[in-house]
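For reference, the structure discussed in these notes is given below.
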Amino acid sequence: MNAALDCSRANVFAMPLDAIDVSDPKLYANDTWRPYFERLRREDPVHYTAESAYGPYWSVTKYKDIVRTEVNHHVFSSDSALGGIQIEEQPKDMTRPSFIRMDPPRHDEQRRVVSPIVAPLNLANMEGLIRERTIRVLEALPRGETFDWVQRVSIELTTMMLATLFDFPFEERRKLTYWSDVAICNVDSADSPVHSEAERFEKLKEMADYMSGLWAERETRPPNFDLISMLAHGEATRDLAPLEFMGTLALLIVGGNDTTRNSMSGGLWALHEHPDAYRKLRADPRLIQSLVPEIIRYQTPVLHMRRTAKEETEIGGKRIREGEKVVMWYISGNRDEEAIAEPERLIVDRGRPREHLSFGFGIHRCVGNRLAELQLRILWEELLPRYPVVEVVGPPTWVYSNFIHGIRSLPVRIPA
Ligand code: HEM
């Protein structure tokens, strides 16, 4: 474990290698993760931590090794029964399987049911609605006073999107935000909405009960183009067992919400940290096209995905035994200087900006990636002409988590 989280670069480089444990949520809450991964990429790219709060685990930190692990899904399993996709496992009697926590063939069958919602034609159909809402949210922002960008913009926009995807009662949409926070929070964090796994389970059960009502309505009606109707009519999903029902809805709520929210907040923070890039963008708004994927890389809203080895194997010269936990740190792969030039800089006109790991890789690659990009593109297209400068007036508060790279609040001001 990290000796008292001593985070200066020199100290991190001086500590014994086998003491490095990047699973500690404090590294992300304090924004001090960089030197740890820099050292691992250089000295021990596939690193074993024998002792951590989550048990022993391997860290895969280089871009190419992460890709190799992702594509080898016959060996590296996502199966809930083996531990699922997070370093922190769901308690055995509260596992909530969903297709992100499954291997083929069930994964593929269930993913196929929902993926049409983000097909190019449907995205094109949604563009007008997303733009109209984005304009409304931006027009309502106060001028000349400090407000929280996360609450007023990121959460509002992504929650509205989610309500549309589920065809959820619009006035009750903040329920979705709440359930998303419940599903993904670290229960040890003081500002989390729940503080034990049992409490989390209870609240998600309330979510599942509420959603069952919508489901019951929709299964009796002809198929509609919303996620609940699609699941209720899908051959592979219409008979989900109760825990799988809970897991699948939680996956879709979190997937479509938290990650895009944090890209909306992280992008503004990143541009504040790179004033030259911000100026360049203002001078040529066509750069929004490459800005969007660059923000998603730079922020890396999902810190890691985990797999479990189903048999003895090897990554980067290290022998991995059957049953061992393998954690792919996207946050590190996206900073790998052998794959990405000047990775610590936000470069608004980066060549091939979509070649990042924030959406994962292989059969589980994010199903909503084009929708997330669309929402971000519209946000920046509508923001720049209205408010060429949004001043960030204080540092972000980072979320206490080793899974979601999140921003809890970001104080900003639009000049009067
Ligand atoms: C910037 C925004 C987003 C980021 C960074 C992100 C990231 C990810 C990552 C890392 C994975 C796992 C990939 C892997 O294991 O290889 C994933 C899967 C997934 N994402 Fe996203 N996501 C975003 C937006 C969305 C949106 C908007 C939706 C919903 C419409 C969504 C729905 C999903 C689903 C359903 C999966 C599971 C896919 C599978 O297991 O086959 N995501 N996402």
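Output the residue which, of all residues in the stretch 362-397 that are within 16 Å of the ligand (Cβ to nearest atom) and touching a strand residue (DSSP E or B) at 6+ places or on another chain (Cβ under 9 Å), is nearest to Ala283 (Cα to Cα). Top of the filtered list is Cys366. Taken together, Ala277, Ala341, Ala309 contain a single residue that is farther than 30 Å from Tyr178 by Cβ and without any contact (Cβ under 8 Å) to a residue 40 or more places away in the chain, which is Ala341. If you go through the stretch 76-121 and keep only what is in contact with a Phe, Trp or Tyr (Cβ under 7 Å, 6 or more places away or on another chain), near the ligand (Cβ under 10 Å from one of its atoms) and under 28 Å from Glu337 (Cα atoms), you end up with nothing. For the stretch 195-221, taking the residues that are among the hydrophobic types (A, V, I, L, M, F, W, C) and surrounded by 15 or more Cβ atoms within 10 Å (Cβ to Cβ), the one that is nearest to Met246 (Cα to Cα) is identified as Ala208. For the stretch 128-143, the condition of being within 23 Å of the chain's Cα centre (by Cα), within 15 Å of the ligand (Cβ to nearest atom) and surrounded by fewer than 16 Cβ atoms within 10 Å (Cβ to Cβ) holds for none of the residues. Looking only at the stretch 209-217, decide whether some residue is within 16 Å of the ligand (Cβ to nearest atom) and either assigned to a helix (DSSP H, G or I) or not polar (S, T, N, Q) (or both). Yes, because at least one residue in the stretch 209-217 is within 16 Å of the ligand (Cβ to nearest atom) and either assigned to a helix (DSSP H, G or I) or not polar (S, T, N, Q) (or both).
All conditions in (1) within 16 Å of the chain's Cα centre (by Cα); (2) without any contact (Cβ under 8 Å) to a residue 24 or more places away in the chain hold for Pro395, with the sole exception of (1).
If we scan the stretch 248-267, do we find a residue that is touching a Lys or Arg at 6+ places or on another chain (Cβ under 7 Å), crowded, with 16+ Cβ neighbours inside 10 Å, free of Cβ contacts under 8 Å to residues at least 60 places away in the same chain and in a helix (DSSP H, G or I)?
Initial filter on the stretch 248-267 (touching a Lys or Arg at 6+ places or on another chain (Cβ under 7 Å)): 250.
When the remaining residues are screened for being crowded, with 16+ Cβ neighbours inside 10 Å, the result is 250.
Checking the rest, the ones that are also free of Cβ contacts under 8 Å to residues at least 60 places away in the same chain come to none.
Checked the stretch 248-267: no residue is touching a Lys or Arg at 6+ places or on another chain (Cβ under 7 Å), crowded, with 16+ Cβ neighbours inside 10 Å, free of Cβ contacts under 8 Å to residues at least 60 places away in the same chain and in a helix (DSSP H, G or I).
Based on this model, can you work out whether His73 counts as farther than 24 Å from Pro25 by Cα, within 10 Å of the ligand (Cβ to nearest atom) and part of a loop (DSSP other than H, G, I, E, B)? Taking the combined requirement at face value, the residue satisfies it.
Applying the set (1) more than 12 Å from the ligand (Cβ to nearest atom); (2) open to solvent by 20 Å² or more (accessible area, probe 1.4 Å); (3) not in a strand (DSSP E or B) to Arg319 leaves exactly one unmet item: (3). Taking the criterion of being open to solvent by 10 Å² or more (accessible area, probe 1.4 Å), more than 23 Å from the chain's Cα centre (by Cα) and free of Cβ contacts under 8 Å to residues at least 40 places away in the same chain, the residues of the stretch 43-90 that qualify are Glu43, Asp44, Ala50.
Just one of the listed residues (Arg136, Arg152, Arg143, Arg173) is closer than 16 Å to Ile253 by Cα and among the charged types (D, E, K, R), namely Arg173.
Of the residues making up the stretch 400-414, those that are open to solvent by 20 Å² or more (accessible area, probe 1.4 Å) and either over 25 Å from the mean Cα position of the chain (by Cα) or within 19 Å of Leu157 (Cα to Cα) (or both) are Arg408, Ser409, Pro411, Arg413. Here is the figure for the stretch 42-81: residues that are among the aliphatic types (A, V, I, L, M) and under 14 Å from Glu324 (Cβ atoms) total 4.
Tell me, which residue of the stretch 174-194 that is farther than 19 Å from Gly247 by Cα and not in a helix (DSSP H, G or I) is most open to solvent (accessible area, probe 1.4 Å)? Lay out the reasoning, then the answer.
Start the filter on the stretch 174-194 by keeping residues that are farther than 19 Å from Gly247 by Cα, which leaves 174, 188-192.
Among the residues that remain, those that are also not in a helix (DSSP H, G or I) are: 188-192.
On the way: Asp188: 116, Ser189: 12, Ala190: 100, Asp191: 84, Ser192: 11 Å².
Among those residues, the one meeting the criterion is Asp188.
Under the condition of being more than 14 Å from the ligand (Cβ to nearest atom) and at negative phi, which residue from the stretch 345-361 is most open to solvent (accessible area, probe 1.4 Å)? Among residues in the stretch 345-361 that are more than 14 Å from the ligand (Cβ to nearest atom) and at negative phi, the one most open to solvent (accessible area, probe 1.4 Å) is Arg345.
The values are calculated or read from the model by the stated rules, or taken from the named source; none is laboratory data. The shown structure was predicted, so the numbers you read here are calculated from the model rather than taken from an experiment. Neighbour counts run over all protein chains shown; Cβ positions are idealised from the backbone, glycine included. What goes into the accessible areas is simple: the full protein's heavy atoms, side chains included, and nothing from ligands, DNA or RNA. Shrake-Rupley method; radii C 1.70, N 1.55, O 1.52, S 1.80 Å.
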